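Below: the structure, in structure tokens.
What follows is calculated from the coordinates using simple rules that are stated; it is not laboratory data. All values derive from a computational prediction rather than experimental measurement. Ideal geometry is used to build each Cβ from the backbone, glycine not excepted, and the neighbour counts take in all protein chains shown.
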Amino acid sequence: MTSQTILLVEDEPTLRNLVARALREYGYNVRAAATGAEMWAMLENEGADLIVLDIMLPGTSGIDLLRRLRQTSKVPVIIASARGAEEDRIVGLEIGADDYLAKPFSVRELIARVGAVLRRRDGGDADGNAPSQEQISFDGWSLSPTKRELYSPSGGVVDLTGAEFDLLSVFLSLPQRVIGRERLIELSRTRVGDSSDRSVDVLVSRLRRKISLEEQAAPIKTVRGVGYIFTAEVRRA
Amino acid sequence: MKLFWRIGLVGQLLLIAVAVICADLLVNSVLFESARRYSLQQEDAAWLAENTALSHRIMDRTAPAERSAMARALTTERFALEWSPRAASPPPTVTLPTLRRQMLTAEPSLRTVSFDVRLRPLALGGLIDGSTQLSDGSVINFRYRKHVPWTLNLGQSLSIVLPSLLLLVIAWRVVRAMLRPLATLVAASRQVGTRQPRHIPEAGGGDVRQLIQAFNTMQERIHQLMVSRTQTMLAIAHDFRTPLARLQLRIDAADMDTALRHEIGSDIVEMDHLLQSLQTFIESGSDNSPRRRLDLAVTIQTLVSQETDLGNRASYHGPDHCEMSVRPVAFRRIMTNLVRNAVTYAGNAEVSLAPHGTGVTITVEDDGPGIPAGQLDEVLRPFTRLDSSRARNTTGMGLGLAIVDTLVKAEHGTLVLANRPTGGLRVTLDLPGEFGAEGQSEGQAG
């Protein structure tokens, strides 16, 4: 596998060098840009497998840059921000960022997220790239992959941890199929940082509790000795 | 009228006084004019003149000692007499010159007598009275019992009542017009600093206008101060994160002892948390994000399971689901801070939720040492830390509960801290739920 190219857009020179060095150490090919204009030029010339974008760039805000980028390209983007506001994360993900990295971050966190986003892009999922804008629904529940939110049949937001969300996404991508526990763990580990070392059974039982209602049990059945099966019909719209 | 409002309070009062005096003068001149023209029927005037002349003559001849008795004897139903030894100055009242001329015409002998006729004050019955002076200087006061026309009586009453009435009406209108903008001002001043400044339209008198003008300027200035404070704090929080990010990456790249790297790393994490809580505190007052339906029970369960995953003691008692219209980020922050506080300071958190009507009551209890009774209110203030021994190893800026307090108020809820009888702290959070239709429509699907 040839090394993948990461385009790093960061205006602060020292930080730019530190991040670039860290990524190179992990075998990535890094191109660094200080401004949005530089980013466009580099994208045109060489393309990139992933962009790490600082949202507080001088000139254009990273958010505007991302919005323009999303009109033409599906290249995965991780936004990095020093603002630390919850809204930034939500807005970033809504307009099409694949992940969000709050400054300060450690090299381990950076590498893990870059790896996860690239894996997700290359992953077995048919629709590959950025999380699709579509809405996935089952039994009256619906899930927004972009906002990473789950809505109950009555329309309320139902909080899920990252791991729970990923687990549910796996179930929704493979409905009515028995999924072995090992495979489930493997597939739901594309995200990092969450309690991936929790036993998958605990995660499943928490998820079940969250998506079961008095009148309607959660559509996740245990297949003894093998794994789980998601029994509800899944619609994408 | 517009001009009137511009001239200020003192000017207004002066104008009002002038208006009242003018009204008084007007009413009086009308009264005097009608009194001046007042006359009786020819025969009544003649009768009055004759009786006056007759009684004068009789009394003049009567010895002073018997004059009082004589006056009583001469008194009839229509014509009452009274003798007084000295001329008393007549009470302030209205003279009736036309009637006097009438009487002189009817009884020319009165020309030699010093006499006058007046309108009696209403308080004394509102009749005509008069007096004649006897040759020794003593005086006969007589009263003519004939009903005086209502126009005169009305004029007399008006001259007393009207100016006061006018004053009352004007004062009422002025005070009301003055108080209305003041009431707006009072309401607005209660809100200063809690939201976007709302420009108050200038109304009322000149002074009130000036006050409103000054108030508008003041609230604008306060708003600017708060905005620049917020921006400064946010800029600090932002600008500190860049060097922190560099520091983090530098130690990751450095060839150094793992334990040392870990320690520096946790220092960076702590600094980041301080910046985070400062930022949350500053932003907690201005959360304008829309209300959405959120499953509060699931949010709490998620927090509790995150604590148990970290090996902390936490539990949740209540329904599996409970949806309500709230600001999700604010509610998560409230619950995170309460649960984290309990776990950090007391070692455990027991959360329960009970729906009631449209709202919910949520309690967070712990088995820790509680808070000294006198400091229960204090801990809600920003930058308050109870520096007892138990808190020595904990970090933070003392903003956790202050943030919770601000956010709960923004949700129109109440927050009560109390020590449990069995030990430990109980935080009771009451959220009223629906505030009309607001938020309901936003409950997502898109």
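Annotations
- Global form of segment A:3-83, assessed from the alpha-carbon gyration tensor, a/c cut-off 1.5: oblate
- Taking label positions 7 Å along the Cα-Cβ direction at both B:Ser84 and A:Val91, the computed distance is 9.2 nm, reported to one decimal.
- Axial C-alpha extent at least 30 Å, average Kyte-Doolittle at least 0.5 - helices from chain B (DSSP): B:8-37, B:150-191
- Footprinting exposure proxy for B:Leu110, B:Leu303 (fewest neighbouring C-beta atoms within 10 Å first): B:Leu110, B:Leu303
- Taking B:Phe142, B:Phe215 and counting other C-beta atoms within 10 Å, the order from fewest to most: B:Phe215, B:Phe142
- Amide H contacts of A:Leu213 (H built 1.01 Å from N, under 5 Å, at least 5 apart or other chain): A:Ala218
- Rounded to 0.05, the FRET efficiency of the B:Ile170 and B:Thr428 pair, given R0 = 45 Å and the Cβ-Cβ distance, is 0.25.
- Fully extending the segment from A:Glu44 to A:Glu134, taken as 0.36 nm per residue of separation minus the present Cα-Cα distance, adds 29.5 nm.
- Taking A:Glu38, B:Glu323 and counting other C-beta atoms within 10 Å, the order from fewest to most: A:Glu38, B:Glu323
- Amide N of segment B:413-435 lying under 12 Å from the label point, which is placed 7 angstrom from the Cα of B:Thr361 along Cα→Cβ: B:416, B:428-431
- Neighbouring Cβ atoms from other chains, within 10 Å of the Cβ of residues in B:405-415, number 0 on average.
- Extension gain for the segment B:Ala69 to B:Leu15, taken as residue separation times 0.36 nm less the Cα-Cα distance, is 13.9 nm to one decimal.
- Value at 222 nm in deg cm²/dmol, rounded to 500, when DSSP H runs of n ≥ 4 in the protein assembly as shown each add -39,500 (n - 2.57): -16000 deg cm²/dmol
- Full-stretch length increase - B:Gln213, B:Leu376 - with 0.36 nm per residue and alpha-carbon distance subtracted: 54.6 nm
- Sites B:Gln191 and B:Thr232, calculated FRET efficiency, Cβ-Cβ separation with R0 25 Å, nearest 0.05: 0.60
- Rounded to 10°, Cα long-axis angle of helix A:62-72 versus longest principal axis of chain A: 70
- Amide H to amide H distances under 5 Å link B:Arg120 with B:Leu127, B:Ile128, B:Asp129, where only residues 5 or more positions off or on other chains count and H is placed in the peptide plane.
- A:Ser212/B:Leu182 FRET efficiency (R0 56 Å; Cβ-Cβ; nearest 0.05): 0.45
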